[in-house]
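K.L.:
Following this message is one structure expressed as structure tokens.
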Amino acid sequence: MSDPVSTQGISESLLITPLHGAHVARGARMTAFAGYDMPVSYPLGVLKEHLWTRAHAGLFDVSHMGPAFLRLTSPTGEPAADHAAVSALIEPLLTGDIAGLAPGRLRYTLLLNAEGGIIDDLMIGRPVEPERQGELYVVVNAANKASDFAVVAAAAGQAAQLDRADDRALIALQGPEAAAVLAGLAPGVEGLGFMSFAEVALMGAKALVSRSGYTGEDGFEILIEASAAVGLWETLLTDRRVEAIGLGARDSLRLEAGLPLHGHDIDETTSPFEGALAFAVSKKRLKAGRMRGSDRLATEAGGSLSRVRVGLKVLEGAPAREGALIATIEGRTVGVVTSGGFSPSLSAPIAMGFVPPGLATPGTRLQVAVRGRAQVAEVTSLPFVSQRYYRPSSAPTEV
Amino acid sequence: MRFTKDHEWLEMEGDVATVGVTAYAAEQLGDVVFVELPEPGATLKAGAEMAVVESVKAASDVYAPVSGEVVGSNGGIANNPQGLNDAPEGSGWLVKIRVANPAEIEGLMDRDAYEAYLRSL
């Protein structure tokens, strides 16, 4: 049998997270990912880890990702002016309205190249504290962090410095029971709205807690100093509602939630509109022409697209995985699968891929080629599994 | 029962070999969610792709341990892939092959040799 896991052993060059020892002690299967030795799954297994997260609360080590703080070198101390100044440094690289971000809020946005292609997708947050308005919280993808940080630092020049925080631990707690679990350690966190963040005392350590994630479930991402990480991790795992979840289930969860993975579903050739990420593009900034690649983006926003990201339900046969060709029912190749696998929640194969807009309407029948065999698939709206984010009615709505 | 280094097993009955993947392989795979088996009548060469077993995260090829003709496949496993995890070296068998060259079987490991091989991994 061919090897089901890419078992590159721990080489000298692989980095480890502050929780590495805890994963090994728990019997995790480890693999190299984005330069780190990371847990793919624990003894529970990918399928049950996935279903556990949908039903209870899953705990993920995502310390390989790239958290950082962009800080004005000389803040004035005047909150509105400082936020405007730090936003002005980074916003020209991004699709989102950063200047308009409310204090304490987090926004999903895209880092673009000069052609309007997606260098990375990331989170940007504006701290809630008045004295920290010259600062932005940034979280980029693990695989891109070195290049992203270089781009941001170059844009900041002398006006701001980018302080990397990827020596800390980043821990995600995701699932319908996540809020009740975390509130047991930090009463009040359950009141944070989706895409909000705040500094919270967790077991005696200062943590930055955001109501966000990559599973489609309610949940939190917690940035905490490395020395406090194992204590928090193990304490959370003593709760019977919590299981440790590896990167295998993280990938199947985000696929069901319709969330793209950079380097697979979107990359430097993909624009935000092709990637079905128009919601992350500030209409105001695009209209003003103040966005990288704005000529291309304005054309595409008007509906002129050659391809668009869609969801596919594979109606028969094997899962269609990354690289599988997509064809019309008549057999004409029209696109390619960029992520695919078996959906534990739906007990069926699902995929995401690119097709021409004329074939992107939900219900359109297509074919995917798996090991030379054409299998019927149907375009479906994303997400495959309903997102269950926490949106208190009092919280400001975000675009 | 005989074993390959790629973690297939084989058990002879007359000139027909029942073939599956070992308990070690099933453990490595995790929960199996899809199994693709060859059609009866297909001709297999030793070492060539015979079947595909898929977990949530990956597809793995299963190789034919011996050359021969497919004379049966386990439809029960195709319909209930989890059955492979439940009994990989029993009711979770995959394919029956009419062995073309019995000498190929001599080149496979017995249980003791396979277990020694697993310890070396």
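The values are calculated or read from the model by the stated rules, or taken from the named source; none is laboratory data. No experiment lies behind these values; they were computed from the predicted model shown. Quick reminder, even Gly has a Cβ in these numbers, built from the backbone with ideal geometry, and neighbours come from all protein chains shown.
K.L.:
Restricting the search to the stretch B:7-17, which residues are surrounded by fewer than 18 Cβ atoms within 10 Å (Cβ to Cβ) and either at the interface with chain A (Cβ under 10 Å from one of its Cβ atoms) or under 17 Å from B:Ser73 (Cβ atoms) (or both)? Reasoning before the result, please.
P.N.:
Quick first cut of the stretch B:7-17, residues surrounded by fewer than 18 Cβ atoms within 10 Å (Cβ to Cβ) only: B:11-16.
Result: B:Glu11, B:Glu13, B:Val16.
K.L.:
Residues being more than 13 Å from A:Val379 (Cβ to Cβ) and either over 22 Å from the mean Cα position of the chain (by Cα) or surrounded by fewer than 17 Cβ atoms within 10 Å (Cβ to Cβ) (or both): count how many of those fall in the stretch A:346-361.
P.N.:
Residues of the stretch A:346-361 that are more than 13 Å from A:Val379 (Cβ to Cβ), as a first pass: A:346-349.
Checking which are either over 22 Å from the mean Cα position of the chain (by Cα) or surrounded by fewer than 17 Cβ atoms within 10 Å (Cβ to Cβ) (or both) leaves us with A:346-348.
Of the residues in the stretch A:346-361, 3 are more than 13 Å from A:Val379 (Cβ to Cβ) and either over 22 Å from the mean Cα position of the chain (by Cα) or surrounded by fewer than 17 Cβ atoms within 10 Å (Cβ to Cβ) (or both).
K.L.:
Still on this model: Here is a list of conditions, (1) more than 9 Å from every other protein chain (Cβ to nearest Cβ); (2) buried (at least 24 other Cβ atoms within 10 Å of the Cβ); (3) small (Gly, Ala, Ser), and B:Gly30 meets all of them except one; can you say which number that is?
P.N.:
Result: B:Gly30 fails condition (1) only.
K.L.:
A:Ala288 versus (1) at pLDDT below 95; (2) within 26 Å of the chain's Cα centre (by Cα): which is the lone unmet condition?
P.N.:
Going through the list (1) at pLDDT below 95; (2) within 26 Å of the chain's Cα centre (by Cα), A:Ala288 breaks only (2).
K.L.:
Another question about this same structure. How do the pairs read when you match residues in the stretch B:86-100 that are among the acidic types (Asp, Glu) with residues anywhere that are not in a loop (DSSP other than H, G, I, E, B), using Cβ under 6 Å and keeping only pairs 6 or more apart or on different chains?
P.N.:
B:Glu89/B:Trp9; B:Glu89/B:Ala23
K.L.:
What strands (runs of 3 or more DSSP E) completely inside the stretch A:1-99 contain at least 3 residues that are over 23 Å from A:Tyr137 (Cβ atoms), touching a residue at least 12 places away in the same chain (Cβ under 8 Å) and within 21 Å of the chain's Cα centre (by Cα)? Outline the logic, then answer.
P.N.:
Values: elements: A:29-33, A:36-41, A:57-61, A:66-72.
Qualifying strands (runs of 3 or more DSSP E): A:29-33, A:36-41.
K.L.:
I need the full set of residues from the stretch A:92-115 which are in contact with an Asp or Glu (Cβ under 8 Å, 6 or more places away or on another chain), surrounded by 20 or more Cβ atoms within 10 Å (Cβ to Cβ) and either closer than 21 Å to A:Asp265 by Cβ or of a type in the set (A, V, I, L, M, F, W, C) (or both), in order please.
P.N.:
Scanning the stretch A:92-115 gives A:Ile98, A:Arg107, A:Thr109, A:Leu110, A:Leu111.
K.L.:
Please count how many residues of the stretch B:33-66 are out of contact with any strand residue (DSSP E or B) (no Cβ under 7 Å at 6 or more places or on another chain) and either closer than 17 Å to A:Leu44 by Cα or facing chain A (nearest Cβ under 9 Å) (or both).
P.N.:
Total satisfying the criteria: 1.
K.L.:
Here is a follow-up. Go through the stretch B:88-115 and give me each residue that's farther than 15 Å from B:Glu27 by Cβ and assigned to a helix (DSSP H, G or I).
P.N.:
Answer for the stretch B:88-115, where residues must be farther than 15 Å from B:Glu27 by Cβ and assigned to a helix (DSSP H, G or I): B:Ala103, B:Glu104, B:Ile105, B:Glu106, B:Arg111, B:Asp112, B:Ala113.
K.L.:
Given the conditions (1) out of contact with any helix residue (DSSP H, G or I) (no Cβ under 6 Å at 6 or more places or on another chain); (2) surrounded by fewer than 23 Cβ atoms within 10 Å (Cβ to Cβ); (3) under 24 Å from A:Gly317 (Cβ atoms), and given that B:Ser120 satisfies all but one, which numbered condition is not satisfied?
P.N.:
Of everything listed in (1) out of contact with any helix residue (DSSP H, G or I) (no Cβ under 6 Å at 6 or more places or on another chain); (2) surrounded by fewer than 23 Cβ atoms within 10 Å (Cβ to Cβ); (3) under 24 Å from A:Gly317 (Cβ atoms), B:Ser120 misses just condition (3).
K.L.:
Can you tell me which residues in the stretch B:39-50 are farther than 13 Å from B:Arg98 by Cα and buried (at least 19 other Cβ atoms within 10 Å of the Cβ)?
P.N.:
From the stretch B:39-50, those farther than 13 Å from B:Arg98 by Cα are B:39, B:47-50; that's our starting set.
Within the stretch B:39-50, just B:Met50 meets the criteria.
K.L.:
Do we have any residue at all in the stretch A:164-182 that's under 22 Å from the mean Cα position of the chain (by Cα), under 27 Å from A:Ala298 (Cβ atoms), outside any strand (DSSP E or B) and not aliphatic (A, V, I, L, M)?
P.N.:
Checked against the condition, which is being under 22 Å from the mean Cα position of the chain (by Cα), under 27 Å from A:Ala298 (Cβ atoms), outside any strand (DSSP E or B) and not aliphatic (A, V, I, L, M), the stretch A:164-182 yields no hits at all.
K.L.:
Let me ask something else. Is it true that A:Thr95 is within 14 Å of another protein chain (Cβ to nearest Cβ) and of a type in the set (Ser, Thr, Tyr)?
P.N.:
Working: within 14 Å of another protein chain (Cβ to nearest Cβ): no; of a type in the set (Ser, Thr, Tyr): yes.
Judged against the criteria, A:Thr95 is not a match.
K.L.:
Would you pick out the residues in the stretch A:260-285 that are in contact with a helix residue (DSSP H, G or I) (Cβ under 9 Å, 6 or more places away or on another chain) and of a type in the set (A, V, I, L, M, F, W, C)?
P.N.:
Hits for the stretch A:260-285 are A:Leu261, A:Phe273, A:Ala278, A:Val281.
K.L.:
For the stretch A:122-141, give me each residue that is more than 24 Å from A:Leu261 (Cα to Cα) and in a strand (DSSP E or B).
P.N.:
Selection gives A:Glu135 alone.
K.L.:
Taking the stretch A:299-321 only, how many residues are over 17 Å from A:Arg373 (Cβ atoms) and within 14 Å of another protein chain (Cβ to nearest Cβ)?
P.N.:
Residues flagged as over 17 Å from A:Arg373 (Cβ atoms) and within 14 Å of another protein chain (Cβ to nearest Cβ) within the stretch A:299-321 amount to 0.
K.L.:
Working only within the stretch A:250-270, note down all residues that are acidic (Asp, Glu) and buried (at least 24 other Cβ atoms within 10 Å of the Cβ). Quick ask: steps written out before the conclusion?
P.N.:
Keep residues of the stretch A:250-270 that are acidic (Asp, Glu), which gives A:251, A:256, A:265, A:267-268.
Hits for the stretch A:250-270 are A:Glu256, A:Asp265.
For (1) within 28 Å of A:Gly341 (Cα to Cα); (2) of a type in the set (Gly, Ala, Ser), each residue gets a yes or a no:
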| residue | (1), (2) |
| --- | --- |
| A:Pro187 | no, no |
| A:Ala226 | no, yes |
| A:Ala229 | no, yes |
| A:Gly263 | yes, yes |
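K.L.:
Further question: Could you say which residue among A:Asp120, A:Asp82, A:Asp37 is under 26 Å from A:Ala298 (Cβ atoms), charged (D, E, K, R) and modelled with pLDDT of 95 or more?
P.N.:
On the way: A:Asp82 fails: under 26 Å from A:Ala298 (Cβ atoms); A:Asp37 fails: under 26 Å from A:Ala298 (Cβ atoms).
Just one listed residue meets the conditions, A:Asp120.
K.L.:
Shifting gears a bit: Picking from A:Ala186, A:Ala198, A:Ala205, which residue would you name as being farther than 24 Å from A:Gly66 by Cβ and of a type outside the set (Asp, Glu)? Write out each step before concluding.
P.N.:
Numbers: A:Ala198 fails: farther than 24 Å from A:Gly66 by Cβ; A:Ala205 fails: farther than 24 Å from A:Gly66 by Cβ.
Only one candidate passes the filter, namely A:Ala186.
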